[in-house]
Amino acid sequence: MIPAQFDYARPGSIDEAVSALSAAGEDAKVLAGGQSLIPVLRLRLAYPSTVVDLGRVPELRGVRDDGDAIVIGAMTTHHEVLNDPLVREHAPLIAQATHTVADPQVRHRGTFGGALAHADPAGDLGAVALALGAEFVANGPGGERRIPAQDFFVDYLTTALSGDEILTAVRVPKLGDGWSSHYEKFNRVAQAWSIVAVAALVRRSNGSIAEARIGLTNMGSTPLRASAVEQALAGADASAQAVGAAAEHAAEGTSAPSDLNGKADYREHLARVLTRRALLAAGGI
Ligand SMILES: Cc1cc2nc3c(=O)[nH]c(=O)nc-3n(C[C@H](O)[C@H](O)[C@H](O)COP(=O)(O)OP(=O)(O)OC[C@H]3O[C@@H](n4cnc5c(N)ncnc54)[C@H](O)[C@@H]3O)c2cc1C
């Protein structure tokens, strides 16, 4: 199919992008890698009056060191994120999860910020950002603001960004000493979306689990934290038995969807199994 007609703006800076978006009004859409937006336009599921293409805004691209955090530009492609030395050193969970996103073609075009702004609950990066305690940097007519990950994902395909804001970067705290991580994804075929996936971070101390952080992919309309598991693990033995018992709480507080890939109770089962696997791998148990 052919998309409906739209005006096209190609700004060269963040300020120009914000101006173009504000000038275009409510029906404007930002274009990043186009891997989700272009199919939606072609099917006429969206018909924006203006498309603001961020492809020529160099400030939005790349990863930089900012002391206790790394800052990933929104237009950094999945491929660039995956191969970035700062990401690999300070946020290996992002590299591991990004490696499971789609196929090499999509990863060369799709962007880190585009995937997060799209906010598909089956997308892999939301749960990772949530578990890592990332902070989203947005720019709009009122200037810059920062949004903690737990406030960024509002509902299915809906974020805290307003229509005249763009996501410019994501700040990811560097993993401190003692932390290790693992992303466990379950999909029907290779290079496909998650049916369920689990992002786990574990801090071990003297044979115990001092702290754990767990993000769940596709267990509700937004990425979720498995808070009951995190509480059960605080101070628990770093043993397979303790991890298995805690992982039994993984589906608590979730509202898994039922679709052609699986019913809600199947996803709840997957959440428990994958949480156990992710924690064992993350903790080296
Ligand atoms: C075949 C296929 C398989 C895939 N498999 C997976 C998978 O396994 N796991 C996974 O996580 N993802 C998967 N994806 C999605 C992929 O990660 C996309 O890259 C991502 O969803 C969209 O990123 P994009 O840069 O292409 O954004 P676009 O398609 O350009 O934009 C997506 C949406 O986000 C908005 N947006 C984009 N950037 C910004 C910004 N900076 N500020 C404000 N709004 C913005 C756009 O307006 C649009 O609404 C798959 C995609 C395809 C085509």
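Results, tabulated for the structure shown:
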quantity: HN-Hα J in Hz across segment 99-108 - Karplus 6.51, -1.76, 1.60, θ = phi - 60°, x for Gly and Pro; calculated: 4, 8, 6, 6, 10, x, 4, 5, 5, 6
quantity: Residue-count net charge about Ile14 - beta-carbon cut-off 14 Å; Lys, Arg +1, Asp, Glu -1; calculated: -3
quantity: Cα-based reach from Lys29 at 12 Å (exclusive), listing aspartates and glutamates while leaving out same-chain residues under 8 positions away; calculated: Asp7, Asp53, Asp164, Glu165
quantity: Computed over segment 128-225, the ratio Rg/Rh where both radii use C-alpha atoms and Rh is Kirkwood; calculated: 1.04
quantity: Mean separation of Cα contacts under 8 Å, 6 or more apart, over the residue count of the chain: relative contact order %; calculated: 15 percent
quantity: All Cα pairs of segment 178-285, percent lying beyond 25 Å; calculated: 17 percent
quantity: Gyration tensor over alpha-carbon atoms, the chain, equivalent ellipsoid semi-axes in Å; calculated: 34, 21, 15
quantity: Charge sum, other residues only, whose C-beta stays under 14 Å from Asp68's C-beta, Lys/Arg counted +1 and Asp/Glu -1; calculated: -2
quantity: Separation of alpha-carbon centers, segment 231-280 and segment 74-152, rounded to whole Å; calculated: 24 Å
quantity: Accessible surface, per residue, of the chain when the full set of protein chains is kept, probe 1.4 Å, Å²; calculated: 46 Å²
quantity: Range of Cα positions in segment 1-72 per principal axis (Å), largest first; calculated: 46, 24, 18
quantity: Kirkwood Rh in Å, taken over segment 1-126 so that all alpha-carbon pairs contribute; calculated: 15.4 Å
quantity: Protection proxy ranking of 140-152, 159-171, 47-59 - average other beta-carbon atoms within 10 Å, highest first; calculated: 159-171, 47-59, 140-152
quantity: Rounded if a/c under 1.5, otherwise prolate or oblate - segment 176-216, Cα gyration tensor axes; calculated: prolate
quantity: Residues with amide H under 5 Å from that of Val154, placed H, sequence gap 5 or more; calculated: Thr159, Ala160
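The values are calculated or read from the model by the stated rules, or taken from the named source; none is laboratory data. Nothing here was measured: the structure is a model prediction, and the numbers come from that model. Note: ideal-geometry Cβ built from the backbone for every residue, glycine included; neighbour counts use all protein chains shown. Just the protein is used for accessible areas: all its heavy atoms, side chains included, with ligands, DNA and RNA removed. Shrake-Rupley method; radii C 1.70, N 1.55, O 1.52, S 1.80 Å.
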